[in-house]
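S.K.: Before anything else, here's the structure in question.
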2 protein chains.
Amino acid sequence: MSDRITVAIDGMGGDNAPSMIVSGIGIAAKSNPDVKFLLFGDERRILPLLERYPMAKAVCETRHTTDFVTNDDKPTAALRGAKNSSMRLAINAVADGEATAVVSAGNTGALMAIATIVLKTLPGISRPAIASSFPTQSGDSVMLDLGANVECDANNLVQFAVMGEVYARNELGLKQPSIGILNVGVEGLKGNDSVKEAANILKNSNLPIEFFGFVEGDDIGKGTVDVIVTDGFTGNIALKTAEGTAKMIAFFLKDALTSSILAKIGALLARPAIERFRA
Amino acid sequence: MSDRITVAIDGMGGDNAPSMIVSGIGIAAKSNPDVKFLLFGDERRILPLLERYPMAKAVCETRHTTDFVTNDDKPTAALRGAKNSSMRLAINAVADGEATAVVSAGNTGALMAIATIVLKTLPGISRPAIASSFPTQSGDSVMLDLGANVECDANNLVQFAVMGEVYARNELGLKQPSIGILNVGVEGLKGNDSVKEAANILKNSNLPIEFFGFVEGDDIGKGTVDVIVTDGFTGNIALKTAEGTAKMIAFFLKDALTSSILAKIGALLARPAIERFRA
């Protein structure tokens, strides 16, 4: 392995793979000229695409396989069968030390299951989590889990808190990120047993973290805390609800702004500002 | 009981009670001149307020009690103690046939617990649910449960589906409302056991309802279905996440629209349209 960072890519995972994947590598290559990519997938489909993206071609090494995981595969089936799927081989590349990270836009459940078995989790962490950072009224926050684990006990939530804190310090650059557990109220007696027990553990632990307590759904947009901890069922639905609400508002706003000549002129004048806001 | 509808009101429940409650009765009296109100609470505080709202006074009968349920009371404590709380007496008024409905802005858990014991649920319905209707890209939808039951089994969800369907037909005026269960994916293998089992029951039942299947968080804003069924934990967080997202977008949009002279002029011209959209 050279000094350059190598990222293993599942070339066949996700909607519009492999063309979307190759096009994505082209974009990534522009902003990360030092990164090398190991691209796993069907070379009969990938090689012609690379011809169209010379920037991607220059930093890509392809590895041929015809097997791939579909979105309908059960995670357990993807794990036990398909030992030569593009997803499996990309994950193996990290285990073998050929790559330092792996990216797949494919079946999330399969990715989590295979990665957990092949790469293992860190000591003290029993389940992986899906995390994402997003803008709020007061800076960026990170939320996890967003769907890897539909059912979580208190220990899972405590471990997500620890992982989220590390992410917020390293990726968001925060010195002492605050952590909240997503709940249906901020009072101690609200919620299910998992969130209540997790809050108790975090409150009474000697972990060097700043535990804020419970937060509610509207605290996500407010940015009340830097790290929002939740189970994968609730987190996935909260994230998609937020996306759906934003789309609905854009829909109504567009409707309102084209409802009269005056509004249209107004929208035209305000357009550069609105475009900046959307970006 | 006269021919007029009588609504029992918990005068001491909610933030800024009783003044907000009395002011609310004044507003309700204007648009519902045929409704009579039975107002339960501390007359030393309520009677002076009614002097300030003569429209409310004209349609209100007060019942004095000094006991009330606070937001910090556990539902079980509110149920067993405080037999003369304003909330309890308002609910009793429905049980006694003095009123046809009861309204409280107070402790939701206590309201649900007391109402369930005093008024019981309909035959075949084991738990009450909190429902709310809201605008979507394609008409109004109703979602339940929004927080009455933090943990729900498949039967609870099936019962919520039936109640939501009745609500959508009667309150939203829909002839054949479609029903979806909120989940982390639309495929049958996604989600926890409760949603999977509830979907199976609804799919194979002979109920005269239109079961759509699973919907995701972003389907709420799209209006994919008319009735969204979920447990109270997820529903409460989804609802508040949507509210928080809307507020965050308004915050960023205001920022963008005041970022330059041109944007300010544009915002001014588009203002009537935007105001209509917000209403």
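The values are calculated or read from the model by the stated rules, or taken from the named source; none is laboratory data. Note that the coordinates shown come from a computational prediction; the quantities given were computed from them, not determined experimentally. Neighbour counts are summed over all protein chains in view; Cβ atoms, including those assigned to glycine, are modelled from backbone coordinates with ideal geometry. Heavy atoms of the whole protein, side chains included, go into the accessibility calculation; ligands, DNA and RNA do not. Shrake-Rupley method; radii C 1.70, N 1.55, O 1.52, S 1.80 Å.
Rundown of residues vs (1) of a type outside the set (Asp, Glu); (2) under 30 Å from B:Val69 (Cα atoms), yes/no style:
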| position | (1), (2) |
| --- | --- |
| B:Gly139 | yes, no |
| B:Val142 | yes, yes |
| B:Asp145 | no, yes |
| B:Ala148 | yes, yes |
| B:Leu174 | yes, no |
| B:Val184 | yes, no |
| B:Leu202 | yes, no |
| B:Ile228 | yes, no |
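S.K.: Suppose we filter B:Asp72, B:Asp67 for residues that are acidic (Asp, Glu), closer than 14 Å to B:Gly106 by Cβ and more than 14 Å from every other protein chain (Cβ to nearest Cβ); which single one remains?
M.R.: Values: B:Asp72 fails: more than 14 Å from every other protein chain (Cβ to nearest Cβ).
That would be B:Asp67, the only listed residue that is acidic (Asp, Glu), closer than 14 Å to B:Gly106 by Cβ and more than 14 Å from every other protein chain (Cβ to nearest Cβ).
S.K.: Among the residues of segment A:233-245, write down those that are facing chain B (nearest Cβ under 7 Å) and either at pLDDT below 90 or buried (at least 19 other Cβ atoms within 10 Å of the Cβ) (or both). Reasoning before the result, please.
M.R.: Residues of segment A:233-245 facing chain B (nearest Cβ under 7 Å): A:233-234, A:236-245.
Matches in segment A:233-245: A:Phe233, A:Thr234, A:Asn236, A:Ile237, A:Ala238, A:Leu239, A:Lys240, A:Thr241, A:Ala242, A:Gly244, A:Thr245.
S.K.: Facing another protein chain (nearest Cβ under 9 Å) and open to solvent by less than 50 Å² (accessible area, probe 1.4 Å), is that true of B:Ala199? Before the answer, list the steps.
M.R.: Details: facing another protein chain (nearest Cβ under 9 Å): no; open to solvent by less than 50 Å² (accessible area, probe 1.4 Å): yes.
No: the conditions fail for B:Ala199.
S.K.: Within segment B:137-145, can one find any residue that is at pLDDT below 95 and under 17 Å from the mean Cα position of the chain (by Cα)?
M.R.: In the first step, residues of segment B:137-145 are kept if they are at pLDDT below 95; the result is B:137-140.
Right, trim to under 17 Å from the mean Cα position of the chain (by Cα) and you get B:140.
Within segment B:137-145 (the criterion being at pLDDT below 95 and under 17 Å from the mean Cα position of the chain (by Cα)), the answer is yes, since at least one residue qualifies.
S.K.: Before we move on, is A:Met20 within 20 Å of the chain's Cα centre (by Cα), open to solvent by 70 Å² or more (accessible area, probe 1.4 Å) and of a type in the set (A, V, I, L, M)? Write out each step before concluding.
M.R.: Values: within 20 Å of the chain's Cα centre (by Cα): yes; open to solvent by 70 Å² or more (accessible area, probe 1.4 Å): yes; of a type in the set (A, V, I, L, M): yes.
Yes: the conditions hold for A:Met20.
S.K.: Search segment A:55-104 for residues being of a type in the set (Val, Ile, Thr) and without any contact (Cβ under 8 Å) to a residue 60 or more places away in the chain, and hand back the single one that is farthest from A:Val118 (Cα to Cα). Walk me through it before giving the result.
M.R.: Of segment A:55-104, the ones of a type in the set (Val, Ile, Thr) are A:59, A:62, A:65-66, A:69-70, A:76, A:91, A:94, A:100, A:102-103.
Filter once more, keeping what is without any contact (Cβ under 8 Å) to a residue 60 or more places away in the chain: A:59, A:62, A:65-66, A:69-70, A:76.
Values: A:Val59: 26, A:Thr62: 21, A:Thr65: 19, A:Thr66: 21, A:Val69: 16, A:Thr70: 19, A:Thr76: 13 Å.
Filtering first and then ranking leaves A:Val59.
S.K.: Please go through segment A:1-17 and give me each residue that is surrounded by 14 or more Cβ atoms within 10 Å (Cβ to Cβ) and closer than 17 Å to A:Ile91 by Cα, ordered by number.
M.R.: In the first step, residues of segment A:1-17 are kept if they are surrounded by 14 or more Cβ atoms within 10 Å (Cβ to Cβ); the result is A:5-14, A:17.
Result: A:Ile5, A:Thr6, A:Val7, A:Ala8, A:Ile9, A:Asp10, A:Gly11, A:Met12, A:Gly13, A:Gly14.
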